[in-house]
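Let me begin by presenting the structure, written as structure tokens, before commenting on it.
The values are calculated or read from the model by the stated rules, or taken from the named source; none is laboratory data. Since this is a predicted model, take the numbers as computed values, not measurements. Using ideal geometry, Cβ is built from the backbone for each residue, glycine included, and neighbour counts are taken over all protein chains shown.
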Amino acid sequence: MHWVPVAALSDNYIWLVADDDGNAFVVDPGEAAPVEAALRERGWVLRAILLTHHHNDHIGGVFDLVREHDVEVFAPLDERIHYKTQIVGGGDTVQLESPRATFQVLEVPGHTRTHIAYAGEGFLFCGDTLFSVGCGRLFEGTAEQMLAAMDTFAHLPPETLVCCAHEYTAANVRFALSVDPDNGPLRLRRDEVARLRDEGRPSVPSRLADELATNPFLRVDSEAIARWAEAHGKAHATRTERFAALRQAKDTFTA
């Protein structure tokens, strides 16, 4: 598979993936124009659209793409998503014929109540649930739901490419270092992200193994996060309470 994160809007990435014959699918097209330009540049043909949740920066380009291309649209059951031909949910399998690819659908509410992710072919298309060195805000779900999503992701193969939907990594690293300043892999990630962004390159995808080593929201059971929680008045907190404290701290972090 050939993949490209297509930059869109202010800081979104739309994931475009194709086989050797140029048959492509796209994930969360918040805009149509950048997708069309990327298809033309590479000579690829759009065959399918995968959606993770209803926010307009993830579905805003679907109408125009469906109008121009003969594609199926896979999406969660949500009345706020109007353009869908296949409704999928946790435990379902998406089988694409062209390009030939198979994805398991993961139910991962938290950011939104109907959020899903797609895992397979070495990829995790996780929308706004998992970010590199971070996780999504809790707009409609609970900390318990989002932590369950993190646990689901943590059991995927470590070489999985985490294809998240925003360029948030530098800010996420700054927060993570405030929580876990002695984390060597995290400091290396900080330097890597700075280099990539200085070169005008995306900081994603990342490997799941690297996220497990650096992402505080995947590390709530680590000694470092336990120490941070204790220092913030959560000495006897449950893992869900530690996660909630992390998410609340990130919401107000400004450094």
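Can you name the residue in the range 54-72 that is surrounded by fewer than 18 Cβ atoms within 10 Å (Cβ to Cβ) and closer than 15 Å to Asp11 by Cα and, of all such residues, is farthest from the chain's Cα centre (by Cα)?
Step one: of the range 54-72, the residues surrounded by fewer than 18 Cβ atoms within 10 Å (Cβ to Cβ) are 56, 60, 63-64, 67-68, 70, 72.
Retained after the next criterion (residues that are closer than 15 Å to Asp11 by Cα): 56, 60.
Working: Asn56: 16, Gly60: 17 Å.
For the range 54-72, the residue satisfying everything is Gly60.
Only residues in the range 3-16 that are of a type in the set (Asp, Glu) count as the first member; pair them with residues that are part of a strand (DSSP E or B), Cβ under 7 angstrom, at least 6 apart or cross-chain, and list the lot.
Pairs found: Asp11/His166.
The rows are residues; the columns are (1) of a type outside the set (S, T, N, Q); (2) buried (at least 24 other Cβ atoms within 10 Å of the Cβ); (3) on the phi < 0 side of the Ramachandran plot.
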{"residue": "Glu107", "(1), (2), (3)": "yes, no, yes"}
{"residue": "His111", "(1), (2), (3)": "yes, yes, yes"}
{"residue": "Thr114", "(1), (2), (3)": "no, no, yes"}
{"residue": "Arg137", "(1), (2), (3)": "yes, no, yes"}
{"residue": "Thr142", "(1), (2), (3)": "no, no, yes"}
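Could you list, in sequence order, all residues of the range 155-197 that are farther than 25 Å from Asn12 by Cβ, under 18 Å from the mean Cα position of the chain (by Cα) and surrounded by 14 or more Cβ atoms within 10 Å (Cβ to Cβ)?
none
What helices (runs of 4 or more DSSP H), lying completely within the range 105-211, carry at least 1 residues that are touching an Asp or Glu at 6+ places or on another chain (Cβ under 9 Å) and among the charged types (D, E, K, R)?
Details: elements: 143-154, 169-179, 184-198.
The helices (runs of 4 or more DSSP H) meeting that bar are 184-198.
Residue by residue through the range 52-74, note down the ones that are at pLDDT 95 or above and under 17 Å from Ala24 (Cα atoms).
Those that are at pLDDT 95 or above and under 17 Å from Ala24 (Cα atoms): Gly61, Val62, Asp64, Leu65, Val66, Arg67, Glu68, His69, Val71, Glu72, Val73, Phe74.
Within the range 237-251, track down each residue that is basic (Lys, Arg), more than 18 Å from the chain's Cα centre (by Cα) and either more than 10 Å from Ala143 (Cβ to Cβ) or surrounded by fewer than 20 Cβ atoms within 10 Å (Cβ to Cβ) (or both). Step through it out loud before you land on a result.
Of the residues in the range 237-251, the ones basic (Lys, Arg) are 239, 242, 247, 250.
Checking the rest, the ones that are also more than 18 Å from the chain's Cα centre (by Cα) come to 239, 242.
The one that is basic (Lys, Arg), more than 18 Å from the chain's Cα centre (by Cα) and either more than 10 Å from Ala143 (Cβ to Cβ) or surrounded by fewer than 20 Cβ atoms within 10 Å (Cβ to Cβ) (or both): Arg239.
Mind telling me which of the residues Ala237, Ala194 ends up being modelled with pLDDT under 95, more than 17 Å from Ala149 (Cβ to Cβ) and not charged (D, E, K, R)? It would help to see each step written out before you state the result.
On the way: Ala194 fails: modelled with pLDDT under 95.
Of the residues listed, the single one that is modelled with pLDDT under 95, more than 17 Å from Ala149 (Cβ to Cβ) and not charged (D, E, K, R) is Ala237.
Looking at the range 212-240 only, could you name the residues that are of a type in the set (D, E, K, R) and assigned to a helix (DSSP H, G or I)?
Glu223, Arg227, Glu230, Arg239 - these are the residues of the range 212-240 that are of a type in the set (D, E, K, R) and assigned to a helix (DSSP H, G or I).
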